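Readers should treat all values here as calculations from the given coordinates under stated rules, not as data from a laboratory. A quick note: this is a predicted structure, and the numbers were derived from the prediction, not measured. Cβ: placed from backbone, ideal geometry, glycine included. Neighbour counts: every protein chain shown.
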Amino acid sequence: VKLVLYDQGLPGILADGGVVPVGDLVPPRETPQATMEALIDDFERLRPALEQRANQAEPIPLERVKLRAPLPRPSKVLCCIANYWEHAQRAPRPLNVFLKNPDAVIGPGETICLPDNTTPWMFMHEAELGIVLTGPSKRVSQRDWRSAVFGYTCMMDITGRGEGRTTWGRWTWLGKSFDTFCPMGPCIATADEIPDPNNLWVQFWNDGQLRHNYSTDDMEHPVPELIEFASRGLTLRSGDLIACGTNHEGLGPVQDGETLEMEIHGIGRFAVHVRDPLKRSWERGIYMGVDSTNHEAVRRHRPQDAHLLRPV
Amino acid sequence: VRLATFTTGGAPQPGVVTSRGVVALGDLAPSLGPLIDDFERLRPALEQRLGDEPVPGARLLAPIRPGKILCSTNLYASQAEATPLLMTLKSTESVGEQIVLPDTFEPWDFFPEAELGLVIKGPAKQVSAADWRSAVFGYTCVVDVMARGNETMFGRDYWVSKSDSLCPMGPWITTADEIPDPQGLRVQSWQNGAPAQDFLLSAGHSGIPEQIEFLTSVMTLRSGDVIACGTAPEGARPLAGGDHVDVEIERLGRLSVAVTASAGVAA
C-alpha cells in the first residue's frame, strides 16, 4: 500500500486518485511523525484492515485534501555521497554518508525558501530515492537488508553550493541543511510494492524541463550495502530516512518562482515551489560547469575523458 | 539553577540539583525539554523546591535528548589553518551515559574532545551575534568523540564519529543567568585520571555569538538542541575499552564517562 499523511497530519492510504482515511485504525499520536512511526511499527498487524479499507472505502479526491510529507520530522536523515556511477568507466569510490538537518523536511505543495545567506553561489536540486526504515536496526548484514526497510519515498536533496558543484560548508555538508531543503513525498510505498529498489526510474522536472532522468540500477553501492554500512555504528529507527544519492548528470539550479516536480515510477509524484527573497537568477537548464558529469559537459570540458562514458 | 535528568531505576525524570542532591520536578514537567519552553513561568515554583529533600539513590543521566546536535570543528586551529566556521550534525543516537566504541569495518582511533555545550532556547532563526543570549537557555559539558583514521578529512571519519554513544553530555544544565561570561570559561579533561586537555574558550577564533549567528543563518534551532562549541584538541589521546574520561568546565560541573568496547571488538 501507499501510506500518506494529510491535512493536519492524519494517516491515510493513497488509492484511486484520492486518500482513504485510516485515522480510526491508527489513532493520531502526539505528532504526525509519531503517528507514521506507530503505523510502521504496527503495520503487519494492521495490514489486513488497511487493505480492506483501501478496497472498500470511497477515497477523498486529492483536490480536497492537502498531502503532507510522509515523514515530517525523522529523528535522522542519512544521505549517501556521490553514489551513482553516472555512466563513467572509473575507479570505484568508497561509500560515505552524512546527516542532513531533520527539521528541513517539507511536503508536497510547500515552498523551498532559499536563504538570504549569500555565501553559497548557487542552489541546486538532486532527486533521490528515499529508503524508509524500520527499527531499531543495528548491525544489519547485507543479506538481511529487508529487515530494516519499511518502504520507499521520493526525496529532493536541495543543496547550497560553495564553488562549482562542491557543497557549501566544505566537508561538513551544511549546504544541504538549510531550512526547507528536504522536500519529501507524496507517500511511502511499502516494501512489498517495490520488488527491487535498484531497478526504479527517477525523473525530475524544473518548470516542466526534464533534468534528472535515471535508473537506480546505476547506484554504485546498492540498497543492501547502504543498510549494512549505515547500521554498522548507528541505530536506525522507525521513520528514519536514507537518501540514496543522486545521479548528478541532471543537476541544475533552483531559483525564485520555479516549480520542482519529481516522480519515481512505482512510488509517486509530487511538486514543490521555490521562493528566494533575494530574487537571484542563474542560467536555466542542466548545470554544465567544468565539474559537471553531464555527458555533453564532459565532452566539452574534458574531451580526454569522453571515451570513458557509457551510453545513458 | 542546575537542571538534571535522573533515574532511581525506573523512567527518567527531570530534577533540580541542590547542594544536598537531586530534587524531583516531575510534577512541573515530564522532562527537561518542555521545562525549557516554560521556564520563566515555572521558575518561582522550581526555586521553592531548592530546600526540599533530595531523592535517595538518584543516578544522573544525560540531561537532555537533543533534537539536533551541531559540533563546531577547527575552531582552535592555528591562525594559518583557520577556516570559516564549520559545523557538522551529530546523530541524536550519540547521547548516552557511557561511550561504547563502535565496531567499524576498518580500524579507527577515537579521541574524546572536551567541549562547552550550549543548550538552545528556540525557535531561533537569524539571530544576530549581538542577540546571541536570546537563543541560549544554558550550558553543559560535552565529550565530542572524533574518529581519526588514515584517510583524509574528506573520508569517512566524520561519518564514523556520528555513531551511537559518541557524544555524552552532562552532568546537568546550568541556566544561562548563572554564567555571565561563558566565553571566559576554562575547559579541562582527564583520561584515566591523567590530565588531557586544558584550554580557555576565549582562545577559539570564533566566539559563541558568531557560532549562533552563523548557524541560525542556516537553520532554525529548537529548544533543547545543543551546539558543541569546538575544542583545542591538544592533549586528547585515543580511547580504549575500560578507559574513563572526565570533563570539567568551570562552574558547570564535572562529567564522568566510562568507555567500553562494543561486543566483538578486541579491547
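In a simple Cβ point-charge model (Lys, Arg +1; Asp, Glu -1; nothing else charged), the protein assembly as shown has a dipole of about 80 debye relative to its Cα centre. For A:D144 and A:R299, the difference between the fully extended length at 0.36 nm per residue and the C-alpha to C-alpha distance is 51.6 nm.
Per residue of the protein assembly as shown, the DSSP helices (runs of n ≥ 4 H) give a summed -39500 (n - 2.57) that works out to -3500 deg cm²/dmol at 222 nm.
For the pair A:T259 and A:E283, the difference between a 0.36 nm per residue extended length and the Cα-Cα distance amounts to 7.1 nm.
For chain B, the Cβ-based charge dipole about the Cα centre amounts to some 420 debye (Lys, Arg positive; Asp, Glu negative; other atoms uncharged). With a Förster radius of 51 Å applied to the C-beta separation of B:D52 and A:E63, the computed FRET efficiency comes to 0.30. The charge dipole of segment B:154-267, taken about the Cα centre with unit charges on the Cβ atoms of Lys, Arg (+1) and Asp, Glu (-1), comes to about 340 debye, rounded to the nearest 20. Here the 3J(HN,Hα) profile of segment A:157-171, calculated from phi with Karplus coefficients 6.51, -1.76 and 1.60 at θ = phi - 60°, is 9, 6, 9, x, 9, x, 9, x, 9, 6, 5, 4, x, 6, 7 Hz, Gly and Pro shown as x. What the Cβ-Cβ distance of B:Q183 and A:T111 gives, at R0 = 51 Å and to the nearest 0.05, is a FRET efficiency of 0.85. Scan segment A:1-105 for GluC sites (Glu not before Pro) in coil per DSSP, keeping those whose Cβ has at most 10 other Cβ atoms within 10 Å, and list them by number. Those satisfying the criteria are A:E30. Each part gets one Cα centre, and for segment A:33-108 versus segment B:104-144 those centres are 29 Å apart. Within the shell of other residues whose beta carbon sits under 11 angstrom from the beta carbon of B:V187, the net charge comes to -4, with Lys and Arg scored +1 and Asp and Glu -1. Among the lysines of the protein assembly as shown, pairs at least eight places apart or on separate chains and with Cα atoms under 13 Å apart come to 12. For GluC sites (Glu not before Pro), the sites in segment A:252-301 that DSSP calls loop and that have at most 13 other Cβ atoms within 10 Å are A:E283. The angle separating the long axis of helix A:32-41 from the principal Cα axis of greatest extent in chain A is about 70 degrees.
For segment A:221-280, the set of trypsin sites (Lys or Arg not before Pro) satisfying both a DSSP loop assignment and a count of at most 12 other C-beta atoms within 10 Å is given as A:K279. Only Cα pairs under 8 Å and 6+ residues apart enter the sum, and on that basis the relative contact order of chain A stands at 22 percent.
Remark: spin-label model distance A:Q89-B:T8 equals 7.3 nm, labels positioned 7 Å along the Cα→Cβ axis. Once the Cβ-Cβ distance of A:R29 and A:H273 is raised to the sixth power relative to R0 = 35 Å, the FRET efficiency obtained is 0.75.
Mean-square fluctuations from a GNM of chain A, with a 10 angstrom spring cutoff on Cα atoms, peak among A:L50, A:L200, A:L278 at A:L278. Eigen-decomposition of the gyration tensor built on the alpha-carbon atoms of the protein assembly as shown gives equivalent ellipsoid semi-axes of 39, 29, 23 angstrom, largest listed first. 3J(HN,Hα) couplings calculated from phi for segment A:296-310 with the Karplus curve 6.51 cos²θ - 1.76 cosθ + 1.60 (θ = phi - 60°) are, in sequence order, 5, 5, 4, 5, 6, 9, 9, x, 5, 9, 4, 5, 7, 6, 9 Hz; Gly and Pro show x. Going from the residue with the fewest nearby Cβ atoms within 10 Å to the one with the most, A:C113, A:C79 rank A:C113, A:C79.
Each label was represented as a point 7 Å from its Cα along the Cα-to-Cβ direction; for A:A82 and B:L200 these points are 4.2 nm apart.
Ranking A:N198, A:Q209, A:H248 by Cα position along the charge dipole of segment A:151-277, where only Lys, Arg, Asp and Glu carry charges on their C-beta atoms, puts A:H248 farthest toward the positive end.
The angle separating the long axis of helix A:43-56 from the principal Cα axis of greatest extent in chain A is about 80 degrees.
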